[in-house]
Amino acid sequence: MSATDAPLRVLAVDDEEPALGELLYLLGQDPRVGTVLAAATATEALRRLGRAGADGPDGGEAVDVVFLDINMPGLDGLELARLLGGFAAPPLIVFVTAHDDFAVRAFDLKAADYLLKPLRKERFAEAVRRVAELVRAGQGPRPATIPTGPESSLADQVPVELGGVTRFVPIADITYVEAQGDYARLHTRHGSHLVRIPLSTLEEQWRERGFVRIHRSRLVALGRVEELRLDGGNVTVRIGDRILAVSRRNARELRDLLARHAAGAVRR
């Protein structure tokens, strides 16, 4: 067996004993998985890995991937993932959590996958398959990239569930976003996708990507706005064939941002 075909070396981290036990059971049933380590806290996980991240002088054990809970006492999973990203050879990260509102932050950390509890065997097997392919392609242990293009990474995409399969929608394809209760509907030229992420979270996370709030229930990508219309005190924008209302409180900021965006495009 070649080095690239070697069984995966995995660390499972969860502070809840039943959840950790389930993780260990599922990992042990998968023939692509070899060595499996366990840790009940982020601190214990760091101790198992060692600061060097791969058979370092302080006794760290090399792993290909960490299956990581997010909500843990003390150092949580997101904070641990940031620390692991500083290793000389960071392992891939698969987040395993009961909360889907961490998805944007998780993928900003270049997670290889994001699994929701309770775990489904088929979905778990798909995550292992994805990790195994990344490692086999020489993309681990390190933050993962989705093999859809040389410049594409998971930080630039949004995971959406379609019929039990996770697909990744490039943020650059999203034209606008609408709030639907605790969910957000992502609109692209080819359709829409519903994700359980609050609009306020997307507004905060995507501000630097050029998304701006035009209404209490709507964000738009500045670069996708084709027209700004003023009609009797009402303000709207056109994106493709959609006309979207702009609230009065957001109108002035939107006009200023569009003017700066247009000026920047001219200078380029």
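Using heavy atoms of the protein chains and a probe of 1.4 Å, the accessible area assigned to GLU122 is about 140 Å².
In order along segment 222-229, the Karplus-derived 3J(HN,Hα) couplings, from 6.51 cos²θ - 1.76 cosθ + 1.60 at θ = phi - 60°, round to 3, x, 9, 6, 9, 8, 10, 10 Hz, and Gly and Pro are given as x. Amide H contacts under 5 Å for ARG218: ALA179, restricted to partners 5 or more places along the chain or on a different chain, H placed in the peptide plane at 1.01 Å from N.
The values are calculated or read from the model by the stated rules, or taken from the named source; none is laboratory data. What you are looking at is a predicted structure, and each value in this text was computed from that prediction instead of being measured. Just so you know, the surface numbers come from the protein's heavy atoms only, side chains and all, with ligands and any DNA or RNA stripped out. Shrake-Rupley method; radii C 1.70, N 1.55, O 1.52, S 1.80 Å.
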